[in-house]
Ligand SMILES: [Zn+2]
Ligand SMILES: [Zn+2]
């Protein structure tokens, strides 16, 4: 195999593992037990109101600051630390995951893609964005996946939409 193919496979593998790890962390964040530290940070993500107004990132976002310690910490715990760890462990093409994560969080995670109510089926049959993820905000229980919806389907935590 050529190096390019290996790099692409390493990136895809890292992306899938990352998606599973963030699903798990998000799932645990919503578990009801005493002193759930993950929920203490993740609840700040649920304070956001998505009204379809903002489309461009604020300058602070470029420096990975999302408005408060809670919101920034939530991104770091659920996505950044896993992305760095997985990239470091796999190496090679997996490092592109860090770039992907940066672009996703700064440009797409707000109302452009992840919280864009206009995005629905058939895209949301595969990707955990738009109406699929907004259902998680409405119901709080279910639809924990990020990027790929496969984990909700596999572990039966999907909200039918
Ligand atoms: Zn959540
Ligand atoms: Zn959200």
> Per the helix-only calculation at 222 nm, which mean residue ellipticity applies to the chain, given -39500 (n - 2.57) for every DSSP H run of n ≥ 4 and division by its residues, nearest 500 deg cm²/dmol?
Replying inline: -14000 deg cm²/dmol
> By how many nm would the segment from residue 68 to residue 32 lengthen if fully extended, with 0.36 nm per residue of separation less the alpha-carbon distance?
Replying inline: 10.6 nm
> So how much slack lies between residue 8 and residue 150, counting 0.36 nm per residue of separation and subtracting their Cα-Cα distance, in nm?
Replying inline: 49.1 nm
> What would the Debye formula give as log10 I(q)/I(0) at q = 0.10, 0.14, 0.15 Å⁻¹ for the alpha-carbon point model of segment 62-158, no solvent?
Replying inline: -0.29, -0.58, -0.66
> To the nearest 10 degrees, how steeply does helix 3-29 sit against the main Cα axis of the chain, on a 0 to 90 scale?
Replying inline: 30
> How large is the Kirkwood hydrodynamic radius of segment 3-51, in angstrom, based on all distinct alpha carbon pairs?
Replying inline: 13.0
>> What distance in nm lies between label points placed 7 Å from Cα along the C-beta direction at residue 141 and residue 81?
In response: 2.7
> So what is log10(I(q)/I(0)) for segment 92-141 at q = 0.22, 0.28, 0.31 1/Å, when the Debye sum runs over its Cα atoms only?
Replying inline: -0.79, -0.97, -1.05
> For the chain, modelled as a Gaussian network with Cα springs under 10 Å, which listed residue fluctuates most, 114, 105, 51?
Replying inline: 51
> Using alpha carbons only, how many degrees (0 to 90, rounded to 10) separate the axis of helix 130-139 from the longest principal axis of the chain?
Replying inline: 50
> Which angle between 0 and 90 degrees, to the nearest 10, do you get for helix 81-90 versus the longest principal axis of the chain when only C-alpha atoms count?
Replying inline: 20
> What residue among 29, 68, 19 shows peak mean-square fluctuation when the chain is described by a Gaussian network model with Cα springs under 10 Å?
Replying inline: 68
>> Once the cut-off is 15 Å, how many percent of the Cα-Cα pairs in segment 3-112 end up in the long-distance tail?
In response: 67
> Separation between the residue 118 and residue 49 pseudo-spin-labels, each 7 Å from Cα along Cα→Cβ, expressed in nm?
Replying inline: 2.1
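Read-outs throughout are calculated quantities, based only on the coordinates presented, and are distinct from any laboratory measurement. Predicted, not measured: the structure shown is a model, and the values here were computed from it. No Cβ is skipped: glycine too gets one built from the backbone with ideal geometry, and neighbour counts run over all protein chains shown.
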